[in-house]
Amino acid sequence: MNIPFLGNWRKRHERHGLARGAAVFSDSAPDPEAVAGLLSECELLRHQADLAGVELDDSAASLEALDQLLPGWRDDEEALPRLGNDAGLYLGTVIVRTVPGAAWDFWPDGQPVVRLSSGREFDVVASGREWASSGAPELSQLYAEVSEA
């Protein structure tokens, strides 16, 4: 059976796959400030950081402080993916707020990514999940690489 819209959907998702953990959809063009505010909430990560005495002030230094946290969440299979999503969204927040020309963008599946002024896209959620599960690469290292691009 030939269903035209399904073929287009498949083509878009072959490139990026399905969104995992965080997706943003809107019927109209999203307000960049509202989106940035929503994506910067990162409640679970902020709670974990607060318990450890780490202030998340949207700076590169706060990423270094997060890299030093003891990863007690790795034993909690329910919290691990949520914390990884939050870590990725927080990394994206720091990049968008501190790297000139960086902005939130969205793949067709709703996955939030950071687009640099060069046009390069950075899947911060995937990076956050890797960091939460293994500690590598470090968030501060990722930030350094992106800020130099």
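The values are calculated or read from the model by the stated rules, or taken from the named source; none is laboratory data. It should be emphasised that the depicted structure is a prediction, and the values quoted were computed from it without experimental measurement. Cβ sites come from the backbone with ideal geometry, for glycine too, and all protein chains shown count toward neighbours. The accessibility values were calculated without ligands, DNA or RNA, using every heavy atom of the protein model including side chains. Shrake-Rupley method; radii C 1.70, N 1.55, O 1.52, S 1.80 Å.
Can you tell me how segment 22-149 classifies by the Cα gyration tensor, rounded, prolate or oblate, using a/c under 1.5 as the rounded cut?
In terms of gyration-tensor shape, prolate.
Under a 1.4 angstrom probe, counting protein chains only, how are SER118, SER62 ranked by accessible area, largest first?
SER118, SER62
Quick check for me: using +1 on Lys/Arg Cβ and -1 on Asp/Glu Cβ, what's the dipole size of segment 71-146 about its Cα centre, in debye to the nearest 20?
Approximately 320 debye in magnitude.
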